[in-house]
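The values are calculated or read from the model by the stated rules, or taken from the named source; none is laboratory data. Note that the structure is a prediction, hence the values are computed from the model and not measured. Because the Cβ atoms are built from the backbone with ideal geometry, glycine has one as well, and the counts that use them run over all protein chains shown. Protein only, heavy atoms only, side chains kept; ligands, DNA and RNA dropped before computing areas. Shrake-Rupley method; radii C 1.70, N 1.55, O 1.52, S 1.80 Å.
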Amino acid sequence: MLVSPPDRCDGEFLLAIDVTSSGTPEEKLKWAFRMYDVDGNGVIDIHEMTKIVQAIYDMLGACSANRPADSAEERARNIFAKMDENGDGQLTQDEFLKGCLQDEELSKMLAP
C-alpha cells in the first residue's frame, strides 16, 4: 500500500481536529470563522453562511427527527439578523465571535 507524504492540508486537518476537540470556545469559534470565510476576504456574507448552514443540515441527514424545521436560507438570514450589528450584510470575526458567545444554540451549531 502506498502512503503519500503529509502535506499542508494534512497539517491543517490535524490542527483543526486538535482545536475543535480541546480548544477554548473562542479558539473554536475563530477556527470556525476561518473555515466559513470561504473566499478568505475576512468576512462572512449571507451566501457563505447559507452554504455553511446547508452543509450542517446535510450532515444531520434527511431524517426528520434531526433536521431543523426552517430552511438553510431562513436560518442564515436569522443568524445574520442576530449577528450583523452594523447591518452591512457581512459578518466580521468580532461580530461572529460576539454573536456565537451570546447565543449557546448558535455556538453549538456553528462551532461544535
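Listed values, structure above:
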read-out: Filter result (open to solvent by less than 30 Å² (accessible area, probe 1.4 Å) and modelled with pLDDT under 90) within region 89-102; value: 99, 100
read-out: Selection count where residues are open to solvent by less than 90 Å² (accessible area, probe 1.4 Å), at pLDDT 90 or above, over 20 Å from residue 34 (Cβ atoms) and not in a helix (DSSP H, G or I), scope region 66-87; value: 1
read-out: The one condition in (1) of a type outside the set (Val, Ile, Thr); (2) part of a helix (DSSP H, G or I); (3) touching a helix residue (DSSP H, G or I) at 6+ places or on another chain (Cβ under 8 Å) that residue 94 fails to fulfil; value: (3)
read-out: Number of positions in region 16-65 that are on the phi < 0 side of the Ramachandran plot, modelled with pLDDT under 80 and loosely packed, with under 14 Cβ neighbours inside 10 Å; value: 10
